[in-house]
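Participant: Before I ask anything, let me first share the structure, which is written out below as structure tokens.
The values are calculated or read from the model by the stated rules, or taken from the named source; none is laboratory data. Fair warning: this is a prediction, and the values are worked out from it, not measured in the lab. Please note: Cβ atoms are built from the backbone with ideal geometry, for glycine as well, and neighbour counts cover all protein chains shown.
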């Protein structure tokens, strides 16, 4: 792998990665067979490695291989646990999850600056940004709640969780609900202070421009998607 390419791919615009995510959603459902699906997944994993996320790419690859292998074994041997339908769902969504992971690594301000240049109504744009930021925010809050539960002894052992599932769920859900309410109030206050209610065009601290590498990656992704869906 040429390390000189990594800084360039790390500068991919958020709009480029969003487009790759959308294309991956189409390919994962339109791929005619398992081989074309695996080929486009391999392409996304390589792109992820070149973007500097080689450890995460390895994790995605391992999960993908396990899911495909278990699905194959389960179908030919009539194994019903875990559910083949559940495994097939993971098999379908793991492909768009790869570029979505890279999209979530982009700072929200930089992502917003790029999406504002798209011909999208303001209200739809805000909903889109909130959706893209929802998963990492909830994940961070859940980690904080989990650490607090460990300190208080609620997650002292796996057996304790199995013996008291409802109690464990209660101590996890209630703090998450209150923390979510607090975060929503803080985000609302922050947005008002920054002038979200003010009409007119808004500027950003981030400069979002499409470069040559964005164009190259976009063209390669589209062509590769067409090959996987139509030709192979």
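Participant: Hey, any hits in the stretch 77-89 for a residue that's modelled with pLDDT of 90 or more, closer than 21 Å to residue 228 by Cβ and under 16 Å from the mean Cα position of the chain (by Cα)?
Facilitator: no
Participant: All but one of (1) in the same structural domain as residue 51 (by TED's automatic domain parsing); (2) surrounded by 11 or more Cβ atoms within 10 Å (Cβ to Cβ); (3) modelled with pLDDT under 75 hold for residue 135, so report the exception by its number.
Facilitator: Status for residue 135: all satisfied but (1).
Participant: Still on this structure, I have one more. Mind listing whichever residues of the stretch 21-51 are under 16 Å from residue 105 (Cα atoms) and within 16 Å of the chain's Cα centre (by Cα)?
Facilitator: Restricting attention to the stretch 21-51, the residues satisfying the condition of being under 16 Å from residue 105 (Cα atoms) are 21, 44-45, 47-51.
Residues satisfying the conditions are 21, 44, 45, 47, 48, 49, 51.
Participant: Here's a follow-up. Test residue 74 against the criterion of being in the same structural domain as residue 231 (by TED's automatic domain parsing), surrounded by 13 or more Cβ atoms within 10 Å (Cβ to Cβ) and either more than 28 Å from residue 117 (Cα to Cα) or modelled with pLDDT under 90 (or both), and give yes or no.
Facilitator: Working: in the same structural domain as residue 231 (by TED's automatic domain parsing): yes; surrounded by 13 or more Cβ atoms within 10 Å (Cβ to Cβ): yes; either more than 28 Å from residue 117 (Cα to Cα) or modelled with pLDDT under 90 (or both): yes.
Here the answer is yes, as residue 74 does meet what is asked.
Participant: Can you go through 204, 184 and tell me which one is part of a helix (DSSP H, G or I) and either assigned by TED's automatic domain parsing to the domain that holds residue 34 or modelled with pLDDT under 80 (or both)?
Facilitator: Numbers: 204 fails: part of a helix (DSSP H, G or I).
Just one listed residue meets the conditions, 184.
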